[in-house]
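Before anything else, here's the structure in question.
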Amino acid sequence: MTEDMSQYPLRLEGDNIPMVRFQNVRKSYGALTVLDDLNLDVDAGEMVTIIGPSGSGKTTVLRMLMTLETINGGVIYVDGEPLTHMEKGGVLVPANPAHIRRIRSKIGMCFQHFNLFPHMTALQNCMEGPVQVLGLPRKEAEERSMELLQMVGMADKRDQHPSRLSGGQQQRVAIARALAMRPKVMLFDEVTSALDPEVIGEVTNVIRKLVDAHNLTMLMVTHQMGFAKDISDRVCFFFNGAIEEQAAPSDLFENPQRERTQQFLNAVLESN
Amino acid sequence: MPYFEFLETYGGRFLEGSLITVVQFVLATIVSVVVALSFGLMRMSSNLAVKSFATVYIEIFRGTSLLVQLFWIFFVLPLFGITLDKFTAGFIAVGMNMGAYGAELVRGAILAVPKGQWEAAKAINMTPAQRMRRIILPQAFVIMLPPWGNLVIEIMKGTALVALISVTDLMFEARQINISTFLSVQTFGTALIIYYVFARFLITPFMRFFERSMARKIGRA
Ligand SMILES: Nc1ncnc2c1ncn2[C@@H]1O[C@H](COP(=O)(O)OP(=O)(O)OP(=O)(O)O)[C@@H](O)[C@H]1O
Ligand SMILES: [Mg+2]
């Protein structure tokens, strides 16, 4: 079972290193293998969307990158450096908490159910990381947070607790909270799935803005095919814990090569 | 002797006893909160030694009687070189016993905070200690306040046992008065009423108020 780690570079080198690389990544829960030998590169500034049937492992990909799940094989690289591993005596060994924290600081995530801190106001939610984790002075953290709340259109709700906000509003605050940490990579896991249809637009509009700004690398899981087609640079179709097909959105949606992709897209179109 | 006259004669001693009971209660509550928090957190430690130590402590203090624990702390510990005066032994014993129950409330409340809160805190790169202190404990605190309301009343009632190591609390005074007057109904009736008033008209309303203001603070009300 022990893997030959010498096949993995200690760090990625060259001109065009990807912002995120999954190399031979394997994830299982007990006997259930959820992701088998995943290889996926995401370039800096690229927006990659993950689609696929329920249980195909989409969420797991994001959670492994956010280090909310450990991996059972392979290596994940972020910004050229290994995230899940670190160098020791010329080979990669499992990373210690300090190493993970250092690399994790480059990643931010938004969740399906927002997960705002209920005991803090919108502004406090955004300031918590900058003040506690980055050690910014309160004034600077507040300026940064207000700028972001402005960007997501929530500045006027700065002093509201999450329980007073609608789902769409909470998700916008959650996006601001993640961005306040100045991540290089943003992960969105079905951020509109828990929302009423009429407020989905306010969240997707924020994500559009981020795409237009071109400075973030993004990985998004969504069931909204129209949105995925609109804003993605590349779409990955997951099936059974593996990438079945990946292509530019126009190709994948209009001219899917694989039968399973066609079936999935047909099923989704029918249900809409 | 008419009850009014009884009160006139012994009211002062009931008052003195009540005062000691209140002080014992407050100190025992402080001890139990400290014990509950430390052992509740230790119980969730990933270090097996720490975790087992906490589990054993909680088991022993919940599985044996408070009275026996009190006697141990007051009569047996001196044989091992740890001597506490009776007043200190009293509230320490009650606090350590109730703290063992409190530890389970702390643990339960921490586990009741949704998993998404841990994950969101990790996603903004907080350390495990920051997650616990800044995100989880404040929410767990609100969750565990209602059951603590009951426990605090148990602490109050539990302090009556310190009379048995001669701390001059309300129960001690009542027994002394009874021995000299044989007016059991008046004596223990008065003690009963004082304990009840403490519990229902002071502690319970205070805890309710505390619950409500904390709930408001985290925006749940
Ligand atoms: N903690 C866990 N323990 C055991 N199995 C799990 C766990 N988390 C996920 N799984 C399994 O892993 C597989 C992939 O789950 P994942 O959540 O990544 O799917 P998904 O593609 O995001 O699905 P959905 O569209 O329903 O969100 C599923 O079979 C799921 O049952
Ligand atoms: Mg999912």
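Please find, within the stretch A:134-168, the residue that is least open to solvent (accessible area, probe 1.4 Å) out of those that are in a loop (DSSP other than H, G, I, E, B) and within 12 Å of chain B (Cβ to nearest Cβ).
As a first pass, look at the stretch A:134-168 and keep what is in a loop (DSSP other than H, G, I, E, B): A:134-137, A:152-154, A:158-161, A:165-166.
With within 12 Å of chain B (Cβ to nearest Cβ) added as a condition, the list becomes A:134-135, A:159-161, A:165.
Working: A:L134: 79, A:G135: 55, A:D159: 102, A:Q160: 64, A:H161: 37, A:L165: 15 Å².
Residue satisfying both the conditions and the ranking: A:L165.
Would you be able to say whether some residue in the stretch A:208-229 is more than 18 Å from the chain's Cα centre (by Cα), surrounded by fewer than 19 Cβ atoms within 10 Å (Cβ to Cβ) and away from chain B (no Cβ under 14 Å)?
Taking the stretch A:208-229 first, the residues more than 18 Å from the chain's Cα centre (by Cα) are A:226.
Going one step further and asking which of them are surrounded by fewer than 19 Cβ atoms within 10 Å (Cβ to Cβ), we end up with A:226.
This time we only want the ones that are away from chain B (no Cβ under 14 Å), so: A:226.
The answer is yes, given that some residue of the stretch A:208-229 is more than 18 Å from the chain's Cα centre (by Cα), surrounded by fewer than 19 Cβ atoms within 10 Å (Cβ to Cβ) and away from chain B (no Cβ under 14 Å).
I need a count of the residues in the stretch A:230-239 that are open to solvent by 50 Å² or more (accessible area, probe 1.4 Å) and either away from ligand 1 (no atom under 13 Å from the Cβ) or at pLDDT below 95 (or both).
Let us first name the residues in the stretch A:230-239 that are open to solvent by 50 Å² or more (accessible area, probe 1.4 Å), namely A:230, A:233, A:239.
Cutting the leftovers down to either away from ligand 1 (no atom under 13 Å from the Cβ) or at pLDDT below 95 (or both) gives us A:230, A:233.
Total meeting the criteria: 2.
Identify, please: which residue in the stretch A:65-110 is aliphatic (A, V, I, L, M), open to solvent by less than 20 Å² (accessible area, probe 1.4 Å) and within 16 Å of ligand 1 (Cβ to nearest atom) and is, among those, farthest from A:T217 (Cα to Cα)?
My answer is A:I76.
Can you tell me which residue in the stretch A:109-137 is nearest to ligand 2 (Cβ to nearest atom), limited to those that are in contact (Cβ under 8 Å) with a residue 12 or more places away in the chain and among the polar types (S, T, N, Q)? Spell out how you get there, then give the answer.
Filtering the stretch A:109-137 down to residues in contact (Cβ under 8 Å) with a residue 12 or more places away in the chain leaves A:109-123, A:125-130, A:133-134.
From the residues that got through so far, the ones that are among the polar types (S, T, N, Q) too are A:112, A:115, A:121, A:125.
Numbers: A:Q112: 7, A:N115: 14, A:T121: 29, A:N125: 23 Å.
Filtering the stretch A:109-137 for residues that are in contact (Cβ under 8 Å) with a residue 12 or more places away in the chain and among the polar types (S, T, N, Q), the one nearest to ligand 2 (Cβ to nearest atom) comes out as A:Q112.
Any residue at all in the stretch A:53-64 that's over 27 Å from B:M126 (Cα atoms), within 16 Å of ligand 1 (Cβ to nearest atom) and open to solvent by 50 Å² or more (accessible area, probe 1.4 Å)? Walk me through it before giving the result.
Here is the first cut: in the stretch A:53-64, the ones over 27 Å from B:M126 (Cα atoms) are A:53-56.
This time we only want the ones that are within 16 Å of ligand 1 (Cβ to nearest atom), so: A:53-56.
This time we only want the ones that are open to solvent by 50 Å² or more (accessible area, probe 1.4 Å), so: A:54-55.
Checking the stretch A:53-64: at least one residue is over 27 Å from B:M126 (Cα atoms), within 16 Å of ligand 1 (Cβ to nearest atom) and open to solvent by 50 Å² or more (accessible area, probe 1.4 Å).
Another question, if that's okay. Of all residues in the stretch A:68-81, how many are within 14 Å of chain B (Cβ to nearest Cβ), in a loop (DSSP other than H, G, I, E, B) and more than 16 Å from ligand 2 (Cβ to nearest atom)? Steps first, please.
At the first step, the residues of the stretch A:68-81 found to be within 14 Å of chain B (Cβ to nearest Cβ) are A:68-70, A:78.
With the extra rule that they be in a loop (DSSP other than H, G, I, E, B), the set shrinks to A:68-70.
Keeping just the survivors that are more than 16 Å from ligand 2 (Cβ to nearest atom) gives A:70.
The number of residues fulfilling the criteria is 1.
Under 7 Å between Cβ atoms, which residue pairs at least 6 apart in sequence (or on different chains) link something in the stretch A:43-67 that is within 14 Å of chain B (Cβ to nearest Cβ) with a partner that is within 9 Å of ligand 2 (Cβ to nearest atom)?
Matching pairs, first to second residue: A:T59/A:D189; A:T59/A:V221; A:L62/A:D189; A:L62/A:V221.
Just to be sure I understand the filter: pairs with C-beta atoms under 6 Å, separated by 6 or more residues or on different chains, first member in the stretch B:1-30 and under 16 Å from B:A163 (Cβ atoms), second member open to solvent by 30 Å² or more (accessible area, probe 1.4 Å) and outside any helix (DSSP H, G or I). Which pairs pass?
Correct list of pairs: B:I20/B:T168.
When you check B:R133 against the structure, is it assigned to a helix (DSSP H, G or I), surrounded by fewer than 16 Cβ atoms within 10 Å (Cβ to Cβ), out of contact with any Asp or Glu (no Cβ under 6 Å at 6 or more places or on another chain) and within 13 Å of another protein chain (Cβ to nearest Cβ), yes or no?
yes
Let's see how each residue does on (1) aromatic (F, W, Y); (2) modelled with pLDDT under 95; (3) within 16 Å of ligand 2 (Cβ to nearest atom):
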site	(1), (2), (3)
A:A141	no, no, no
A:R144	no, no, no
A:A155	no, no, no
A:R164	no, yes, no
A:Q169	no, no, no
A:R172	no, no, no
A:R177	no, no, no
A:M181	no, no, no
A:F188	yes, no, yes
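I would also like to ask the following. Considering only the stretch B:40-56, state which residues are in contact with a helix residue (DSSP H, G or I) (Cβ under 6 Å, 6 or more places away or on another chain) and either among the hydroxyl-bearing types (S, T, Y) or open to solvent by less than 30 Å² (accessible area, probe 1.4 Å) (or both).
Correct list: B:G40, B:S45, B:A54.
Further, regarding this structure: Run down A:V199, A:V185 and say which single residue is within 14 Å of chain B (Cβ to nearest Cβ), of a type in the set (A, V, I, L, M) and more than 15 Å from ligand 1 (Cβ to nearest atom).
On the way: A:V199 fails: within 14 Å of chain B (Cβ to nearest Cβ).
None of the other options fit; the residue is A:V185.
Same structure again: Across the stretch A:29-52, which residue is farthest from the chain's Cα centre (by Cα) among those that are within 14 Å of ligand 1 (Cβ to nearest atom) and open to solvent by 80 Å² or more (accessible area, probe 1.4 Å)?
Among them, the one singled out is A:A31.
Follow-up. Inspect the stretch A:115-124 for any residue being out of contact with any helix residue (DSSP H, G or I) (no Cβ under 7 Å at 6 or more places or on another chain), within 9 Å of another protein chain (Cβ to nearest Cβ) and part of a helix (DSSP H, G or I) and give the result as yes or no.
Looking only at the stretch A:115-124, we keep the residues that are out of contact with any helix residue (DSSP H, G or I) (no Cβ under 7 Å at 6 or more places or on another chain), and these are A:121, A:124.
Checking the rest, the ones that are also within 9 Å of another protein chain (Cβ to nearest Cβ) come to A:121.
From what's left, part of a helix (DSSP H, G or I): none.
No, the stretch A:115-124 has no match at all.
The values are calculated or read from the model by the stated rules, or taken from the named source; none is laboratory data. Small disclaimer: the values here were computed from a predicted structure and weren't measured. For neighbour counting, all protein chains shown are included, and Cβ atoms are generated from backbone atoms with ideal geometry for every residue, glycine included. SASA here: full protein model, heavy atoms, side chains in, ligands and nucleic acids out. Shrake-Rupley method; radii C 1.70, N 1.55, O 1.52, S 1.80 Å.
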